[in-house]
1. Can you spot a residue in the stretch 37-46 that is in contact (Cβ under 8 Å) with a residue 24 or more places away in the chain and in a helix (DSSP H, G or I)?
2. Just wondering, is there one or more residues in the stretch 65-81 that are among the aliphatic types (A, V, I, L, M), at pLDDT below 95, out of contact with any His (no Cβ under 9 Å at 6 or more places or on another chain) and open to solvent by 40 Å² or more (accessible area, probe 1.4 Å)?
3. For A57, indicate whether it is at pLDDT 95 or above, assigned to a helix (DSSP H, G or I) and loosely packed, with under 15 Cβ neighbours inside 10 Å.
4. Before we move on, is F87 touching a residue at least 12 places away in the same chain (Cβ under 8 Å), more than 12 Å from the chain's Cα centre (by Cα) and outside any helix (DSSP H, G or I)?
5. Looking at this structure, is S113 crowded, with 18+ Cβ neighbours inside 10 Å and in a helix (DSSP H, G or I)?
6. Residues F100, F106, F80: which one is free of Cβ contacts under 8 Å to residues at least 24 places away in the same chain, part of a helix (DSSP H, G or I) and in contact with a helix residue (DSSP H, G or I) (Cβ under 9 Å, 6 or more places away or on another chain)?
7. Looking at the stretch 9-19 only, could you name the residues that are within 15 Å of G107 (Cα to Cα) and surrounded by fewer than 17 Cβ atoms within 10 Å (Cβ to Cβ)?
8. Kindly provide the set of residues from the stretch 90-107 that are under 10 Å from the mean Cα position of the chain (by Cα) and either surrounded by fewer than 18 Cβ atoms within 10 Å (Cβ to Cβ) or over 14 Å from C18 (Cα atoms) (or both), ordered by number.
Amino acid sequence: MSVKAVRLTYWISTIVFCTMMTFFAILYLTSADLAQAFVHLGFPSYFRVELAIFKLAGVAVLLLPLWPPWLKEWAYAGFFITLISAFVAHISSGDGPNRFMGPVVFGIVLICSYVTSKTMNSVR
């Protein structure tokens with residue numbers, strides 16, 4: 001894969017992922033339906049607020065070039081753990097594929113972003 005293709009893949013996957021994380025973080029703070037979904041999953045109401053704040057912080061770390069590489073690694077790890085946890089929570093609460101496949105799809109997009117970021121860094 002050429003450097004240009006890797007860079008393009010990185011930016012597309014990262015922007016798609018960060019857009020969705022931002023969208024959901026805002027919904028976590030504003031949507032009564034999502035507040036109820038957290039109750040359905042067995043989480044306390046304050047957890048969705050914490051999750052929203054950390055998702056927005058993670059998006060800033062992934063998109064802005066001011067952060068050290070180790071912090072980006074932690075952001076990727078945090079997002080991955082969050083997606084695995086969401087998958088497990090939906091499965092455990094008896095939700096169907098329309099609920100538990102979202103974290104799987106976004107996990108694939110996140111992995112694509114991570115792998116291409118590593119490829120870009122090794123080429124430099």
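1. Within the stretch 37-46, one or more residues are in contact (Cβ under 8 Å) with a residue 24 or more places away in the chain and in a helix (DSSP H, G or I).
2. yes
3. Yes, satisfied.
4. So F87 does not fit the description; no.
5. Criteria met by S113.
6. Answer to the check: F100.
7. Matches in the stretch 9-19: I12, I15, V16, T19.
8. none
The values are calculated or read from the model by the stated rules, or taken from the named source; none is laboratory data. In this text, all values refer to a predicted model and were calculated from it rather than measured experimentally. So basically every Cβ, Gly included, is an ideal-geometry build from the backbone, and we count neighbours across all protein chains shown. With ligands, DNA and RNA removed, areas are computed over all heavy atoms of the protein, side chains included. Shrake-Rupley method; radii C 1.70, N 1.55, O 1.52, S 1.80 Å.
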